[in-house]
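Since the structure comes first, as structure tokens, the remarks are kept for the end.
Every number here is computed from the coordinates shown, using simple stated rules; none is lab data. This is a predicted model, so every value here is computed, not measured. With ideal geometry, Cβ positions are generated from the backbone for all residues, glycine too; neighbour counts draw on all protein chains shown.
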Amino acid sequence: MLGEAWRAMGANRMRTILTMLGMVIGVGAVVLMMSIGQGAQYAIKQTISAMGSNLFILLSGSTSAGGVRSGHGGGYTLTISDADAIAELPGVQAAAPIHPGSAQVVYGPNNWNTSVIGSTPAYLDARAWPVVSGSAFTASDVRSATRVALIGQTTAQNLFGDEDPVGKTLRIRQSPFTVLGVLALKGQGMDGRDQDDSIIIPITTAQRNVFGTQFPGSVRMVMVQTTTQEVMPEAELSMTALLRQRHRIREGQDSDFSLRNLTAVADSAAESTRVMSLLLGAIASVSLLVGGIGIMNIMLVSVTERTREIGIRMAIGARERDILLQFLLEAIIISVVGCFIGLLLGIGGALLTHTLTGTMVIISGSSVLVAFSVAATVGIFFGYYPARKAARLDPIEALRYQ
Amino acid sequence: MTNTAVIRIEGLSKSYQTSAGLFPALNDVNLTIMPGEFVAVMGPSGSGKSTFMNILGCLDAPTVGSYALDGRPVASLDRDELALLRNRTIGFVFQGFNLLQRMSLRDNVALPLIYSGIELAERQKRADEMLAKVGLSDKADSLPNQISGGQQQRVAIARALINKPRLLLADEPTGNLDSRTGEEIMALFDALNSEGITIVLVTHEADIARHAQRQVHFHDGRIISDELTREIAA
């Protein structure tokens with residue numbers, strides 16, 4: 001039977017190849033699109049997990065001076081003790097007050113302008129940012145405002161080159177700081193900035209010795225991490241209530257702070273990528289469908305063309321299922337072989353895309369399996385109708401067909 | 001030999017629905033053919049002899065009447081059982097040879113065996129034996145369009161005989177051949193009949209019909225004469 005199908009396909013080689021091409025393009029497109037989509041999803045996921053999970057960002061409210069309003073984060077309405085109080089709330093894992101800035105940093109002959117973040121040890125927890133060599137500073141460093149620093153990988157590279165920075169002394173705006181540790185590689189942030197180009201120092205030291213502030217102990221920003229994603233809505237309510245109480249804001253008055261759910265932003269980014277990759281898959285599936293219809297089309301032509309042959313076969317004893325099987329087998333061979341070639345082309349295309357553009361691609365076994373089984377099903381489905389048509393032919397009519 | 005008739009037809013009629021109304025192709029046909037007979041079915045075109053052959057070959061079903069093949073009433077059989085009859089009990093030879101052009105002669109001859117579920121090696125062995133019997137063993141690997149019409153008809157006969165049928169039906173087997181080649185084919189039929197195969201042959205040539213022992217004439221869907229023309233060979 002297999003030999004029969006092979007012979008029939010060989011007799012119309014060009015047509016068989018063109019039919020197969022429909023399948024090849026369909027499967028190839030599905031595999032390519034799925035691997036690009038999955039790659040994008042993975043990249044987003046990486047970025048999000050690098051940002052830290054279950055995060056709120058708490059910004060101080062706006063101030064108004066002579067009618068000029070400063071916008072969120074403009075005033076210093078939040079305090080370090082607000083952050084400590086929030087950290088005590090149920091469901092809150094860490095709350096880190098942040099005083100960000102940038103400064104010129106000097107080590108020996110090298111100098112470098114980098115982002116300097118004043119915060120507490122809780123910041124490292126919230127950002128899921130471990131120290132890879134040396135150690136982190138502690139709460140007591142924050143209390144006594146010691147001049148210690150944790151440096152990111154990019155900063156370390158630019159200041160120290162191949163030297164081990166741990167224990168060395170660098171200067172931030174002329175003040176000497178001892179490097180306690182080097183932070184783990186973090187990569188690009190959601191906004192595209194290099195997160196490793198930074199230095200983290202105790203917030204007290206930042207306020208007193210580096211940037212200076214009119215309001216010591218007050219900050220514009222607090223990063224809050226909850227234990228799980230599920231408790232985030234609840235934590236949002238309890239934080240708002242706590243802060244309104246601490247800031248003595250009466251019922252009906254606007255809060256002097258704002259709370260943003262970073263995870264929700266990240267989730268929507270992830271969601272839009274997911275929708276994108278679904279969309280890509282859907283478009284590719286259409287071409288798979290078109291390929292399937294191509295198979296049906298050609299098989300119908302083939303049945304018509306071979307009507308007389310079908311009649312002869314029936315006259316010498318072929319049963320309905322023999323004829324059905326013969327034509328179905330042809331459709332299946334075309335779709336399975338087409339599928340296989342398409343798979344190889346799709347994978348090749350994905351790898352080529354990765355090589356040429358650096359786009360992350362993921363070729364997962366499941367997507368390959370899905371594409372393959374869908375295509376095989378399409379082949380059988382669209383091959384069945386013409387095959388059944390052939391099998392149901394009246395032997396006499398078929399024999400008389402010219 | 002058994003006493004059961006190979007073919008027993010009683011009160012058989014067949015009509016077709018056409019745009020001009022019901023067209024009666026066969027009208028009250030009765031015929032019994034015993035094992036080993038060589039029957040020529042004759043008549044002008046449109047006399048119903050082709051329709052009759054199609055019914056004999058289980059390719060078509062009668063409108064009225066009964067047809068028993070080897071004692072089994074055909075009307076009660078489903079499509080698969082009819083296919084089995086065409087495969088095992090009946091061998092077909094057509095005017096236009098009806099070989100599959102893409103296949104070698106060996107594969108053409110072996111084709112019915114595929115539907116009998118026989119292994120490839122056995123199929124090829126039996127096909128080669130059949131080709132030898134019709135004198136074409138040296139052409140087994142040729143394609144049908146590489147040989148002459150007479151040779152193609154021999155291949156078709158080999159194909160019809162490969163499953164050792166009890167009944168050989170031939171519809172104008174010499175119609176596309178010149179008279180000398182036709183005689184060769186008829187000699188082959190004579191030989192097969194002397195081996196005991198029942199043959200029913202449609203023709204309009206008296207020369208061809210002469211080879212049969214019995215001639216049945218059709219006219220307007222009826223049998224108008226049925227006569228023995230030659231004694232059955234001992």
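Overview of results
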{"read-out": "Average projection area in nm² (convex hull over Cα atoms of chain A, one quarter of hull surface)", "value": "29.9 nm²"}
{"read-out": "Where a label projected 7 Å from the Cα of A:Arg193 along Cα→Cβ would reach, residues of segment A:82-118 with amide N under 19 Å", "value": "A:96-106, A:112-118"}
{"read-out": "Ranked by how many other beta carbons lie within 10 Å on average, peptides A:147-157, A:209-219, B:213-223 from highest", "value": "A:147-157, B:213-223, A:209-219"}
{"read-out": "Computed over segment B:71-209, Kirkwood Rh from alpha-carbon pairs, angstrom", "value": "15.4 Å"}
{"read-out": "Residues A:Lys45 and A:Asn297, FRET efficiency given R0 of 35 Å [Cβ-Cβ distance, rounded to 0.05]", "value": "0.25"}
{"read-out": "5 angstrom amide H check on A:His247, placed H, neighbours 5+ away", "value": "none"}
{"read-out": "Amide H partners (placed H, <5 Å) of B:Arg214, local residues excluded", "value": "B:Phe38, B:Ala40, B:Thr229"}
{"read-out": "Rounded if a/c under 1.5, otherwise prolate or oblate - segment B:1-100, Cα gyration tensor axes", "value": "rounded"}
{"read-out": "Point-charge dipole on Cβ atoms (K/R +1, D/E -1) for the protein assembly as shown, about Cα centre, debye to 20", "value": "1120 debye"}
{"read-out": "B:Glu183 versus B:Ser66: modelled label distance in nm, points set 7 Å from Cα along the beta carbon direction", "value": "4.5 nm"}
{"read-out": "Other protein chain Cβ atoms within 10 Å, averaged over every residue that makes up B:97-103", "value": "4"}
{"read-out": "Estimated translational D of segment A:273-351 in µm²/s (Stokes, Kirkwood radius over Cα pairs; 20 °C; 1.002 mPa s)", "value": "142 µm²/s"}
{"read-out": "Translational diffusion of segment B:1-60, µm² s⁻¹ [Kirkwood Rh, Cα pairs; Stokes-Einstein; 10 °C; 1.306 mPa s]", "value": "123 µm²/s"}
{"read-out": "Inter-chain shielding of A:315-328 (mean C-beta neighbours from other protein chains, 10 Å cut-off)", "value": "6"}
{"read-out": "Mean Cβ count within 10 Å, highest first, over the residues of peptides B:189-201, B:163-175", "value": "B:163-175, B:189-201"}
{"read-out": "J(HN,Hα) series, segment B:89-104, from Karplus relation 6.51 cos²θ - 1.76 cosθ + 1.60, nearest Hz, glycine and proline x", "value": "9, 10, x, 10, 10, 9, 4, x, 6, 6, 8, 7, 5, 7, 9, 5"}
{"read-out": "Ratio Rg/Rh, restricted to segment B:95-164 and using Cα atoms, in which Rh is the Kirkwood radius", "value": "0.92"}
{"read-out": "Per-bin percent of Cα-Cα distances, chain B [10 Å]", "value": "8, 32, 36, 20, 4, 0"}
{"read-out": "Loop-located GluC sites (Glu not before Pro) in segment A:223-258 whose Cβ has at most 11 other Cβ within 10 Å (DSSP)", "value": "A:Glu230, A:Glu251"}
{"read-out": "R0 of 22 Å, Cβ-Cβ distance A:Gln402-B:Gln17: FRET efficiency to nearest 0.05", "value": "0.50"}
{"read-out": "Karplus 3J(HN,Hα) series, Hz, for segment B:67-77 with 6.51 cos²θ - 1.76 cosθ + 1.60 (x for Gly, Pro)", "value": "9, 10, 9, 6, x, 9, x, 6, 4, 7, 8"}
{"read-out": "Backbone N within segment A:261-285 under 11 Å of label point (7 Å from A:Ser364 Cα along the Cβ vector)", "value": "none"}
{"read-out": "Extended-chain gain in nm, criterion 0.36 nm per residue less alpha-carbon gap, A:Val286 and A:Thr213", "value": "20.2 nm"}
{"read-out": "Pairwise label distance in nanometres, A:Ser272 with B:Ala206, each label 7 Å out on the Cα-Cβ vector", "value": "9.6 nm"}
{"read-out": "A:Gln93 long-range amide H proximity, modeled H, under 5 Å", "value": "A:Gln225, A:Thr226, A:Thr227"}
{"read-out": "Global form of segment A:144-220, assessed from the alpha-carbon gyration tensor, a/c cut-off 1.5", "value": "oblate"}
{"read-out": "Segment A:55-227: radius of gyration and largest Cα-Cα distance (Dmax), Å", "value": "16.0, 53"}
{"read-out": "Separation of the A:Ser255 and B:Ser142 label points, Cα + 7 Å toward Cβ, nm", "value": "9.6 nm"}
{"read-out": "Share antiparallel - DSSP beta bridges, the protein assembly as shown, percent rounded to 5", "value": "70 percent"}
{"read-out": "Inter-centroid distance (Cα atoms) of segment B:1-46 relative to segment B:88-156, Å", "value": "29 Å"}
{"read-out": "P(r) weight above 17 Å for segment A:352-402, C-alpha pairs, percent", "value": "65 percent"}
{"read-out": "5 Å-binned pair-distance histogram of segment A:183-246 (Cα, whole percent)", "value": "3, 12, 13, 15, 17, 22, 14, 4"}
{"read-out": "For segment A:214-223, 3J(HN,Hα) per residue [Karplus equation, 6.51 cos²θ - 1.76 cosθ + 1.60, θ = phi - 60°, Hz, x = Gly/Pro]", "value": "6, 10, x, x, 9, 9, 9, 8, 10, 9"}
{"read-out": "Cα gyration tensor category, rounded, prolate or oblate, for segment A:135-288 with a/c compared to 1.5", "value": "oblate"}
